[in-house]
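The structure under discussion appears below in the form of C-alpha coordinates.
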There are 2 protein chains.
Amino acid sequence: MAPIKALLFDVFGTVVDWRRCVAGEIDAMAKKYGIEVDAAEIADAWRAEYQPAMEEIRADRRPFDILDILHRENLDRVLARFNLDQISIDDRDELNLAWHRLQGWPDSAEGLKALKRRFILATQSNGNIALIVNMAKGADLAWDVVLGAEVTGYYKPCPQAYDRACAALGLPNEACMMVAAHNDDLFAARQQGMRTAFVCRPAEHGPNQTKDLTPEADWDYVATSFIDLAAQLKC
Amino acid sequence: MAPIKALLFDVFGTVVDWRRCVAGEIDAMAKKYGIEVDAAEIADAWRAEYQPAMEEIRADRRPFDILDILHRENLDRVLARFNLDQISIDDRDELNLAWHRLQGWPDSAEGLKALKRRFILATQSNGNIALIVNMAKGADLAWDVVLGAEVTGYYKPCPQAYDRACAALGLPNEACMMVAAHNDDLFAARQQGMRTAFVCRPAEHGPNQTKDLTPEADWDYVATSFIDLAAQLKC
(Lines give C-alpha, C1' and ligand atoms only; values in the text may rest on other atoms or scores of the structure.)
Protein backbone atom coordinates (compact mmCIF):
# COMPACT_ATOMS: atom_id res chain seq x y z
CA MET A 1 0.00 0.00 0.00
CA ALA A 2 1.47 3.38 -1.03
CA PRO A 3 2.13 5.82 1.81
CA ILE A 4 -0.37 8.64 2.22
CA LYS A 5 0.96 11.80 0.53
CA ALA A 6 -2.06 14.07 0.34
CA LEU A 7 -5.12 14.79 2.45
CA LEU A 8 -8.21 15.90 0.51
CA PHE A 9 -10.76 17.69 2.65
CA ASP A 10 -14.44 18.04 2.48
CA VAL A 11 -15.01 21.64 3.57
CA PHE A 12 -18.63 22.50 4.47
CA GLY A 13 -19.24 20.93 7.85
CA THR A 14 -15.86 19.21 8.04
CA VAL A 15 -13.66 22.33 8.15
CA VAL A 16 -16.15 25.16 8.62
CA ASP A 17 -19.25 25.66 10.72
CA TRP A 18 -21.61 26.70 7.93
CA ARG A 19 -24.90 26.62 9.89
CA ARG A 20 -23.93 29.03 12.66
CA CYS A 21 -22.19 31.43 10.24
CA VAL A 22 -24.93 31.48 7.60
CA ALA A 23 -27.64 31.85 10.26
CA GLY A 24 -25.70 34.77 11.75
CA GLU A 25 -25.65 36.57 8.40
CA ILE A 26 -29.35 35.86 7.79
CA ASP A 27 -30.12 37.23 11.22
CA ALA A 28 -28.15 40.43 10.58
CA MET A 29 -29.89 40.87 7.23
CA ALA A 30 -33.34 40.40 8.80
CA LYS A 31 -32.53 42.97 11.49
CA LYS A 32 -31.61 45.46 8.76
CA TYR A 33 -35.14 45.02 7.35
CA GLY A 34 -36.67 45.13 10.84
CA ILE A 35 -38.12 41.65 10.54
CA GLU A 36 -37.93 38.64 12.81
CA VAL A 37 -36.96 35.28 11.38
CA ASP A 38 -35.80 31.86 12.55
CA ALA A 39 -32.37 32.29 10.97
CA ALA A 40 -31.22 28.73 11.67
CA GLU A 41 -34.34 27.36 9.99
CA ILE A 42 -33.68 29.48 6.89
CA ALA A 43 -30.03 28.41 6.88
CA ASP A 44 -31.13 24.77 7.03
CA ALA A 45 -33.64 25.34 4.23
CA TRP A 46 -30.96 27.01 2.08
CA ARG A 47 -28.57 24.13 2.70
CA ALA A 48 -31.34 21.61 1.95
CA GLU A 49 -31.47 22.98 -1.62
CA TYR A 50 -27.77 22.19 -2.09
CA GLN A 51 -27.90 18.49 -3.02
CA PRO A 52 -30.96 18.77 -5.32
CA ALA A 53 -29.31 21.65 -7.22
CA MET A 54 -26.10 19.67 -7.76
CA GLU A 55 -28.09 16.57 -8.65
CA GLU A 56 -29.41 18.36 -11.75
CA ILE A 57 -25.80 18.65 -12.91
CA ARG A 58 -24.68 15.21 -11.75
CA ALA A 59 -27.62 13.67 -13.61
CA ASP A 60 -26.73 15.62 -16.77
CA ARG A 61 -29.99 17.54 -16.81
CA ARG A 62 -28.09 20.82 -16.70
CA PRO A 63 -24.54 21.86 -17.68
CA PHE A 64 -21.92 22.50 -15.00
CA ASP A 65 -22.28 25.73 -13.04
CA ILE A 66 -20.25 26.77 -10.03
CA LEU A 67 -21.71 26.61 -6.54
CA ASP A 68 -21.96 30.42 -6.19
CA ILE A 69 -24.56 30.34 -8.96
CA LEU A 70 -26.45 27.39 -7.46
CA HIS A 71 -26.40 29.02 -4.00
CA ARG A 72 -27.77 32.25 -5.46
CA GLU A 73 -30.64 30.51 -7.26
CA ASN A 74 -31.41 28.47 -4.14
CA LEU A 75 -31.48 31.63 -2.03
CA ASP A 76 -34.24 33.15 -4.20
CA ARG A 77 -36.27 29.98 -3.84
CA VAL A 78 -35.85 29.88 -0.06
CA LEU A 79 -36.58 33.57 0.51
CA ALA A 80 -39.79 33.22 -1.50
CA ARG A 81 -40.82 30.23 0.59
CA PHE A 82 -40.28 32.23 3.80
CA ASN A 83 -42.17 35.24 2.37
CA LEU A 84 -39.05 37.41 2.37
CA ASP A 85 -39.56 38.95 -1.06
CA GLN A 86 -38.60 42.38 0.24
CA ILE A 87 -34.88 41.49 0.40
CA SER A 88 -33.21 43.49 -2.39
CA ILE A 89 -31.12 42.01 -5.19
CA ASP A 90 -27.98 43.68 -3.80
CA ASP A 91 -28.63 42.26 -0.35
CA ARG A 92 -29.22 38.80 -1.81
CA ASP A 93 -25.95 39.02 -3.73
CA GLU A 94 -24.18 40.02 -0.54
CA LEU A 95 -25.86 37.33 1.57
CA ASN A 96 -24.79 34.76 -1.03
CA LEU A 97 -21.19 35.58 -0.10
CA ALA A 98 -21.87 34.36 3.47
CA TRP A 99 -20.51 31.03 2.17
CA HIS A 100 -17.21 32.80 1.37
CA ARG A 101 -17.00 34.04 4.95
CA LEU A 102 -17.57 30.82 6.89
CA GLN A 103 -15.41 30.33 9.96
CA GLY A 104 -13.60 27.14 10.91
CA TRP A 105 -14.29 24.88 13.85
CA PRO A 106 -12.09 25.80 16.84
CA ASP A 107 -9.44 23.21 15.85
CA SER A 108 -9.49 23.79 12.08
CA ALA A 109 -6.79 26.43 11.54
CA GLU A 110 -4.32 24.97 14.02
CA GLY A 111 -4.98 21.37 13.00
CA LEU A 112 -4.43 22.09 9.30
CA LYS A 113 -1.12 23.81 10.05
CA ALA A 114 0.06 20.70 11.90
CA LEU A 115 -1.11 18.36 9.13
CA LYS A 116 0.56 20.56 6.50
CA ARG A 117 4.00 19.68 7.86
CA ARG A 118 3.73 16.13 6.55
CA PHE A 119 1.07 16.16 3.85
CA ILE A 120 -0.19 18.03 0.82
CA LEU A 121 -3.45 19.65 1.93
CA ALA A 122 -6.08 19.98 -0.78
CA THR A 123 -9.69 21.05 -0.67
CA GLN A 124 -11.97 18.53 -2.33
CA SER A 125 -15.16 20.51 -1.97
CA ASN A 126 -18.17 21.24 -4.10
CA GLY A 127 -17.45 24.91 -3.41
CA ASN A 128 -16.02 26.95 -6.28
CA ILE A 129 -12.48 28.31 -6.32
CA ALA A 130 -13.30 31.90 -5.27
CA LEU A 131 -15.49 30.69 -2.42
CA ILE A 132 -12.78 28.38 -1.07
CA VAL A 133 -9.99 30.95 -1.50
CA ASN A 134 -11.90 33.77 0.17
CA MET A 135 -12.92 31.45 3.01
CA ALA A 136 -9.31 30.36 3.49
CA LYS A 137 -8.11 33.96 3.74
CA GLY A 138 -10.81 34.77 6.31
CA ALA A 139 -10.55 31.60 8.38
CA ASP A 140 -6.77 31.07 8.15
CA LEU A 141 -6.98 27.70 6.40
CA ALA A 142 -3.54 26.74 5.12
CA TRP A 143 -4.39 24.84 1.91
CA ASP A 144 -1.63 23.90 -0.50
CA VAL A 145 -4.04 23.65 -3.39
CA VAL A 146 -7.71 24.18 -4.17
CA LEU A 147 -9.20 21.23 -6.03
CA GLY A 148 -12.87 20.23 -6.01
CA ALA A 149 -15.79 20.72 -8.35
CA GLU A 150 -14.59 23.73 -10.34
CA VAL A 151 -11.24 22.07 -11.08
CA THR A 152 -12.50 18.53 -11.76
CA GLY A 153 -15.74 19.54 -13.46
CA TYR A 154 -17.71 17.07 -11.30
CA TYR A 155 -19.69 17.40 -8.09
CA LYS A 156 -19.17 14.85 -5.32
CA PRO A 157 -20.09 12.06 -4.94
CA CYS A 158 -19.50 11.44 -8.67
CA PRO A 159 -16.56 9.01 -8.99
CA GLN A 160 -14.82 11.42 -11.38
CA ALA A 161 -14.72 14.09 -8.65
CA TYR A 162 -12.40 11.87 -6.59
CA ASP A 163 -10.43 10.32 -9.46
CA ARG A 164 -9.66 13.63 -11.13
CA ALA A 165 -8.60 15.32 -7.91
CA CYS A 166 -6.06 12.58 -7.17
CA ALA A 167 -4.89 12.61 -10.79
CA ALA A 168 -4.38 16.38 -10.65
CA LEU A 169 -1.95 15.77 -7.79
CA GLY A 170 -0.15 13.17 -9.91
CA LEU A 171 -0.85 10.58 -7.21
CA PRO A 172 -2.51 7.17 -7.22
CA ASN A 173 -5.85 7.30 -5.42
CA GLU A 174 -4.54 5.11 -2.59
CA ALA A 175 -1.90 7.76 -1.75
CA CYS A 176 -4.70 10.27 -1.15
CA MET A 177 -6.89 10.31 1.96
CA MET A 178 -10.34 11.87 1.96
CA VAL A 179 -11.04 13.67 5.24
CA ALA A 180 -14.73 14.26 5.92
CA ALA A 181 -17.34 14.53 8.62
CA HIS A 182 -19.79 12.72 6.34
CA ASN A 183 -19.91 8.96 5.98
CA ASP A 184 -21.39 9.13 2.47
CA ASP A 185 -18.43 11.17 1.21
CA LEU A 186 -16.06 8.57 2.64
CA PHE A 187 -18.00 5.65 1.15
CA ALA A 188 -17.68 7.30 -2.28
CA ALA A 189 -13.97 8.03 -1.78
CA ARG A 190 -13.23 4.48 -0.63
CA GLN A 191 -15.08 3.14 -3.65
CA GLN A 192 -12.47 4.94 -5.78
CA GLY A 193 -9.59 3.46 -3.80
CA MET A 194 -8.81 6.48 -1.61
CA ARG A 195 -7.92 6.20 2.06
CA THR A 196 -10.48 7.61 4.49
CA ALA A 197 -10.55 9.65 7.69
CA PHE A 198 -13.75 10.45 9.56
CA VAL A 199 -13.64 13.57 11.71
CA CYS A 200 -16.81 13.79 13.77
CA ARG A 201 -18.58 17.18 13.76
CA PRO A 202 -21.59 16.57 16.00
CA ALA A 203 -22.73 20.22 15.94
CA GLU A 204 -22.78 20.72 12.16
CA HIS A 205 -26.56 20.54 12.01
CA GLY A 206 -27.19 22.18 15.37
CA PRO A 207 -28.30 20.71 18.65
CA ASN A 208 -30.62 18.09 17.14
CA GLN A 209 -28.19 16.48 14.73
CA THR A 210 -28.95 12.80 14.09
CA LYS A 211 -26.65 12.05 11.14
CA ASP A 212 -22.91 11.35 11.02
CA LEU A 213 -22.55 11.16 14.77
CA THR A 214 -20.53 7.94 14.44
CA PRO A 215 -18.36 6.25 11.83
CA GLU A 216 -20.49 3.88 9.73
CA ALA A 217 -17.59 1.78 8.46
CA ASP A 218 -14.05 0.85 9.46
CA TRP A 219 -12.53 4.07 8.13
CA ASP A 220 -8.72 4.17 8.15
CA TYR A 221 -8.76 6.93 10.76
CA VAL A 222 -11.46 8.20 13.09
CA ALA A 223 -10.75 11.47 14.89
CA THR A 224 -12.53 14.00 17.05
CA SER A 225 -10.71 17.00 15.53
CA PHE A 226 -7.96 17.91 13.05
CA ILE A 227 -5.57 18.20 16.00
CA ASP A 228 -6.46 14.65 17.02
CA LEU A 229 -6.00 13.52 13.40
CA ALA A 230 -2.61 15.23 13.26
CA ALA A 231 -1.54 13.43 16.41
CA GLN A 232 -2.69 10.07 15.04
CA LEU A 233 -0.76 10.76 11.81
CA LYS A 234 2.31 11.74 13.83
CA CYS A 235 2.51 15.30 12.46
CA MET B 1 -9.92 51.63 -10.75
CA ALA B 2 -10.62 48.64 -8.44
CA PRO B 3 -8.04 48.00 -5.74
CA ILE B 4 -5.65 45.09 -6.36
CA LYS B 5 -6.91 41.99 -4.53
CA ALA B 6 -4.88 39.17 -6.05
CA LEU B 7 -1.38 38.69 -7.41
CA LEU B 8 -1.04 36.09 -10.16
CA PHE B 9 2.50 34.84 -10.59
CA ASP B 10 4.39 33.50 -13.50
CA VAL B 11 6.51 30.75 -11.94
CA PHE B 12 9.37 29.47 -14.16
CA GLY B 13 12.03 32.15 -14.04
CA THR B 14 9.96 34.59 -12.00
CA VAL B 15 9.69 32.53 -8.79
CA VAL B 16 12.12 29.67 -9.36
CA ASP B 17 15.59 29.37 -10.84
CA TRP B 18 14.84 26.61 -13.37
CA ARG B 19 18.13 26.71 -15.32
CA ARG B 20 20.49 26.11 -12.42
CA CYS B 21 18.24 23.45 -10.85
CA VAL B 22 17.57 21.51 -14.06
CA ALA B 23 21.23 21.68 -15.08
CA GLY B 24 22.17 20.35 -11.65
CA GLU B 25 19.91 17.33 -12.08
CA ILE B 26 21.16 16.69 -15.63
CA ASP B 27 24.71 16.85 -14.33
CA ALA B 28 23.99 14.33 -11.55
CA MET B 29 22.31 12.01 -14.06
CA ALA B 30 25.26 12.20 -16.45
CA LYS B 31 27.69 11.40 -13.64
CA LYS B 32 25.64 8.30 -12.82
CA TYR B 33 26.24 7.15 -16.42
CA GLY B 34 29.92 8.18 -16.29
CA ILE B 35 29.51 10.66 -19.11
CA GLU B 36 30.46 14.31 -19.41
CA VAL B 37 27.93 16.81 -20.67
CA ASP B 38 27.37 20.55 -20.80
CA ALA B 39 24.40 20.38 -18.44
CA ALA B 40 23.42 24.03 -18.82
CA GLU B 41 23.36 23.66 -22.61
CA ILE B 42 21.06 20.64 -22.32
CA ALA B 43 18.84 22.50 -19.84
CA ASP B 44 18.61 25.40 -22.29
CA ALA B 45 17.80 23.02 -25.13
CA TRP B 46 15.09 21.33 -23.06
CA ARG B 47 13.58 24.69 -22.17
CA ALA B 48 13.77 25.80 -25.81
CA GLU B 49 11.31 23.01 -26.69
CA TYR B 50 8.78 24.44 -24.22
CA GLN B 51 7.14 27.15 -26.32
CA PRO B 52 6.95 25.10 -29.56
CA ALA B 53 5.29 22.22 -27.67
CA MET B 54 2.65 24.52 -26.14
CA GLU B 55 2.17 26.27 -29.48
CA GLU B 56 0.82 23.01 -30.95
CA ILE B 57 -1.94 23.18 -28.33
CA ARG B 58 -2.48 26.93 -28.50
CA ALA B 59 -2.83 26.66 -32.29
CA ASP B 60 -5.36 23.82 -31.91
CA ARG B 61 -3.18 21.30 -33.72
CA ARG B 62 -3.24 19.02 -30.66
CA PRO B 63 -5.63 18.64 -27.71
CA PHE B 64 -4.66 19.95 -24.29
CA ASP B 65 -2.05 17.98 -22.39
CA ILE B 66 -0.42 18.95 -19.12
CA LEU B 67 3.13 20.25 -19.05
CA ASP B 68 4.55 17.09 -17.43
CA ILE B 69 3.64 15.24 -20.62
CA LEU B 70 5.09 17.94 -22.90
CA HIS B 71 8.29 18.09 -20.81
CA ARG B 72 8.67 14.31 -21.04
CA GLU B 73 8.28 14.27 -24.82
CA ASN B 74 10.66 17.20 -25.16
CA LEU B 75 13.23 15.40 -23.01
CA ASP B 76 13.32 12.43 -25.39
CA ARG B 77 13.86 14.80 -28.32
CA VAL B 78 16.67 16.66 -26.56
CA LEU B 79 18.47 13.56 -25.30
CA ALA B 80 18.45 12.13 -28.82
CA ARG B 81 19.92 15.34 -30.17
CA PHE B 82 22.73 15.19 -27.61
CA ASN B 83 23.34 11.47 -28.36
CA LEU B 84 22.28 10.42 -24.87
CA ASP B 85 20.19 7.46 -25.93
CA GLN B 86 21.60 5.33 -23.13
CA ILE B 87 19.56 7.15 -20.43
CA SER B 88 16.94 4.63 -19.27
CA ILE B 89 13.18 5.19 -19.31
CA ASP B 90 13.10 5.20 -15.50
CA ASP B 91 15.86 7.78 -15.33
CA ARG B 92 14.08 9.96 -17.90
CA ASP B 93 10.86 9.76 -15.87
CA GLU B 94 12.79 10.76 -12.79
CA LEU B 95 14.67 13.58 -14.54
CA ASN B 96 11.34 14.90 -15.81
CA LEU B 97 10.42 15.56 -12.18
CA ALA B 98 13.33 18.01 -11.90
CA TRP B 99 10.72 20.64 -12.76
CA HIS B 100 8.78 19.63 -9.62
CA ARG B 101 11.89 20.20 -7.52
CA LEU B 102 12.92 23.68 -8.67
CA GLN B 103 14.14 26.01 -5.97
CA GLY B 104 13.14 29.65 -5.54
CA TRP B 105 15.30 32.72 -5.99
CA PRO B 106 16.79 33.81 -2.65
CA ASP B 107 13.94 36.29 -2.02
CA SER B 108 11.06 34.11 -3.25
CA ALA B 109 9.88 32.30 -0.10
CA GLU B 110 10.21 35.30 2.20
CA GLY B 111 8.79 37.76 -0.33
CA LEU B 112 5.70 35.65 -0.98
CA LYS B 113 5.02 35.36 2.75
CA ALA B 114 5.10 39.15 3.03
CA LEU B 115 2.84 39.63 -0.01
CA LYS B 116 0.40 37.01 1.29
CA ARG B 117 -0.52 39.25 4.23
CA ARG B 118 -2.37 41.66 1.94
CA PHE B 119 -3.14 39.74 -1.24
CA ILE B 120 -4.45 36.47 -2.60
CA LEU B 121 -1.42 34.74 -4.09
CA ALA B 122 -2.14 32.57 -7.12
CA THR B 123 0.13 30.76 -9.52
CA GLN B 124 -0.68 31.59 -13.13
CA SER B 125 1.81 29.22 -14.69
CA ASN B 126 1.86 26.87 -17.64
CA GLY B 127 2.99 24.20 -15.17
CA ASN B 128 0.45 21.56 -14.20
CA ILE B 129 -1.09 21.29 -10.75
CA ALA B 130 1.11 18.46 -9.40
CA LEU B 131 4.25 20.20 -10.63
CA ILE B 132 3.34 23.48 -8.94
CA VAL B 133 2.17 21.82 -5.70
CA ASN B 134 5.27 19.65 -5.34
CA MET B 135 7.50 22.62 -6.11
CA ALA B 136 5.71 24.72 -3.50
CA LYS B 137 6.23 22.06 -0.83
CA GLY B 138 9.94 21.80 -1.67
CA ALA B 139 10.66 25.50 -2.07
CA ASP B 140 8.34 26.83 0.66
CA LEU B 141 6.15 28.89 -1.68
CA ALA B 142 3.05 30.05 0.19
CA TRP B 143 0.41 30.02 -2.56
CA ASP B 144 -3.23 30.48 -1.67
CA VAL B 145 -4.38 28.79 -4.85
CA VAL B 146 -2.94 27.04 -7.89
CA LEU B 147 -4.42 28.36 -11.11
CA GLY B 148 -2.75 28.28 -14.52
CA ALA B 149 -2.97 26.05 -17.56
CA GLU B 150 -4.44 22.89 -16.03
CA VAL B 151 -7.22 24.87 -14.32
CA THR B 152 -8.03 27.28 -17.17
CA GLY B 153 -7.44 24.82 -20.02
CA TYR B 154 -5.30 27.38 -21.86
CA TYR B 155 -1.57 27.99 -22.10
CA LYS B 156 -0.29 31.55 -21.73
CA PRO B 157 -0.19 33.86 -23.57
CA CYS B 158 -3.69 32.90 -24.80
CA PRO B 159 -6.12 35.61 -23.63
CA GLN B 160 -8.34 32.92 -22.07
CA ALA B 161 -5.50 31.88 -19.75
CA TYR B 162 -5.64 35.31 -18.07
CA ASP B 163 -9.39 35.87 -18.28
CA ARG B 164 -10.30 32.49 -16.82
CA ALA B 165 -7.80 32.75 -13.97
CA CYS B 166 -9.25 36.08 -12.85
CA ALA B 167 -12.79 34.75 -13.28
CA ALA B 168 -11.96 31.71 -11.13
CA LEU B 169 -11.09 34.14 -8.34
CA GLY B 170 -14.40 35.90 -8.86
CA LEU B 171 -12.55 39.14 -9.53
CA PRO B 172 -12.57 41.64 -12.38
CA ASN B 173 -9.31 41.44 -14.33
CA GLU B 174 -8.27 44.91 -13.16
CA ALA B 175 -8.30 43.70 -9.52
CA CYS B 176 -5.68 41.09 -10.45
CA MET B 177 -2.01 41.86 -11.00
CA MET B 178 0.20 39.64 -13.10
CA VAL B 179 3.71 39.36 -11.62
CA ALA B 180 6.35 38.19 -14.09
CA ALA B 181 9.99 38.48 -15.05
CA HIS B 182 8.94 38.37 -18.71
CA ASN B 183 7.74 41.41 -20.60
CA ASP B 184 5.73 39.33 -23.08
CA ASP B 185 3.68 37.78 -20.26
CA LEU B 186 2.92 41.27 -18.94
CA PHE B 187 1.97 42.61 -22.38
CA ALA B 188 -0.56 39.76 -22.71
CA ALA B 189 -1.92 40.30 -19.18
CA ARG B 190 -2.28 44.07 -19.73
CA GLN B 191 -4.09 43.39 -22.98
CA GLN B 192 -6.73 41.58 -20.88
CA GLY B 193 -7.01 44.47 -18.44
CA MET B 194 -4.89 43.07 -15.63
CA ARG B 195 -2.44 45.15 -13.62
CA THR B 196 1.24 44.38 -14.15
CA ALA B 197 4.39 44.02 -12.06
CA PHE B 198 7.80 43.33 -13.59
CA VAL B 199 10.30 41.64 -11.29
CA CYS B 200 13.68 41.54 -12.96
CA ARG B 201 15.47 38.15 -12.89
CA PRO B 202 18.73 38.89 -14.75
CA ALA B 203 20.22 35.44 -14.07
CA GLU B 204 17.32 33.32 -15.33
CA HIS B 205 19.13 32.43 -18.55
CA GLY B 206 22.60 32.35 -17.04
CA PRO B 207 25.48 34.80 -17.35
CA ASN B 208 24.78 35.75 -20.96
CA GLN B 209 21.12 36.69 -20.63
CA THR B 210 20.05 39.36 -23.11
CA LYS B 211 16.26 39.30 -22.72
CA ASP B 212 14.01 40.81 -20.05
CA LEU B 213 16.84 42.75 -18.40
CA THR B 214 14.67 45.87 -18.32
CA PRO B 215 10.96 46.72 -18.31
CA GLU B 216 9.77 47.28 -21.88
CA ALA B 217 6.67 49.27 -20.96
CA ASP B 218 5.37 51.43 -18.13
CA TRP B 219 4.34 48.48 -15.98
CA ASP B 220 2.38 49.39 -12.85
CA TYR B 221 5.23 48.17 -10.66
CA VAL B 222 8.88 47.42 -11.37
CA ALA B 223 10.82 45.61 -8.66
CA THR B 224 14.15 43.91 -8.14
CA SER B 225 12.74 41.15 -5.93
CA PHE B 226 9.53 39.99 -4.25
CA ILE B 227 10.72 41.65 -1.06
CA ASP B 228 11.10 44.92 -2.96
CA LEU B 229 7.63 44.41 -4.48
CA ALA B 230 6.17 43.74 -1.00
CA ALA B 231 7.70 46.98 0.26
CA GLN B 232 6.31 48.96 -2.69
CA LEU B 233 2.87 47.41 -2.07
CA LYS B 234 3.14 48.27 1.65
CA CYS B 235 2.87 44.67 2.85
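The values are calculated or read from the model by the stated rules, or taken from the named source; none is laboratory data. Here the structure is a predicted model, which means the values were calculated and not measured. All Cβ positions, glycine included, derive from the backbone under ideal geometry; neighbour counts span all protein chains shown.
Numbers for the structure displayed
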{"item": "Within the stretch B:117-138, considering residues that are polar (S, T, N, Q) and in contact (Cβ under 8 Å) with a residue 60 or more places away in the chain, the one nearest to the other protein chains (Cβ to nearest Cβ)", "result": "B:ASN128"}
{"item": "Filter result for A:LEU79 (buried (at least 24 other Cβ atoms within 10 Å of the Cβ), out of contact with any Gly (no Cβ under 8 Å at 6 or more places or on another chain) and at pLDDT 95 or above)", "result": "no"}
{"item": "Residue in the stretch B:141-153 that is without any contact (Cβ under 8 Å) to a residue 24 or more places away in the chain, among the hydrophobic types (A, V, I, L, M, F, W, C) and crowded, with 22+ Cβ neighbours inside 10 Å present", "result": "yes"}
{"item": "Filter pass, B:TRP46 being crowded, with 17+ Cβ neighbours inside 10 Å, over 25 Å from B:MET177 (Cα atoms) and among the aromatic types (Phe, Trp, Tyr)", "result": "yes"}
{"item": "Residue in the stretch A:216-232 that is over 16 Å from the mean Cα position of the chain (by Cα) and of a type in the set (Phe, Trp, Tyr) present", "result": "yes"}
{"item": "Residue match in the stretch A:158-166 (condition: surrounded by 24 or more Cβ atoms within 10 Å (Cβ to Cβ), over 15 Å from A:VAL15 (Cα atoms) and away from chain B (no Cβ under 14 Å))", "result": "yes"}
{"item": "Qualifying residue in the stretch A:100-112 (condition: farther than 21 Å from B:ILE129 by Cα, within 14 Å of another protein chain (Cβ to nearest Cβ), in contact (Cβ under 8 Å) with a residue 24 or more places away in the chain and not β-branched (Val, Ile, Thr))", "result": "yes"}
{"item": "Close pairs (7 angstrom Cβ cut-off, 6 or more residues apart or separate chains): charged (D, E, K, R) in the stretch A:170-198, in a helix (DSSP H, G or I) anywhere", "result": "A:ARG195/A:GLU174"}
{"item": "In the stretch B:168-187, the residues that are closer than 17 Å to B:ASN126 by Cβ and surrounded by 20 or more Cβ atoms within 10 Å (Cβ to Cβ)", "result": "B:ALA168, B:MET178, B:VAL179, B:ALA180, B:ALA181, B:HIS182, B:ASP185, B:LEU186"}
{"item": "Flag if A:LEU112 is under 27 Å from A:LYS234 (Cα atoms) and either at pLDDT below 95 or surrounded by 18 or more Cβ atoms within 10 Å (Cβ to Cβ) (or both)", "result": "yes"}
{"item": "Some residue of the stretch A:1-10 being of a type outside the set (Phe, Trp, Tyr), over 20 Å from A:ASP163 (Cβ atoms) and modelled with pLDDT of 95 or more", "result": "no"}
{"item": "Residue in the stretch A:124-133 that is over 15 Å from the mean Cα position of the chain (by Cα) and of a type outside the set (A, V, I, L, M, F, W, C) present", "result": "no"}
{"item": "Helices (runs of 4 or more DSSP H) lying entirely in the stretch B:124-235 (those with 3 or more residues that are at pLDDT 95 or above and touching a His at 6+ places or on another chain (Cβ under 9 Å))", "result": "B:129-139"}
{"item": "Enumeration of residues in the stretch A:128-158 that are out of contact with any strand residue (DSSP E or B) (no Cβ under 7 Å at 6 or more places or on another chain) and within 22 Å of A:ARG195 (Cβ to Cβ)", "result": "A:ALA149, A:VAL151, A:THR152, A:TYR154, A:TYR155, A:LYS156, A:PRO157, A:CYS158"}
{"item": "Those residues of the stretch A:76-110 which are within 30 Å of A:ASP228 (Cβ to Cβ) and not in a helix (DSSP H, G or I), in sequence order", "result": "A:ARG101, A:LEU102, A:GLN103, A:GLY104, A:TRP105, A:PRO106, A:ASP107"}
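One line per residue, one yes/no per condition, for (1) under 23 Å from A:ALA142 (Cα atoms); (2) within 14 Å of chain A (Cβ to nearest Cβ):
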| residue | (1), (2) |
| --- | --- |
| B:ALA142 | yes, yes |
| B:VAL145 | yes, yes |
| B:PRO172 | no, yes |
| B:CYS176 | yes, yes |
| B:HIS182 | no, no |
| B:GLU204 | no, no |
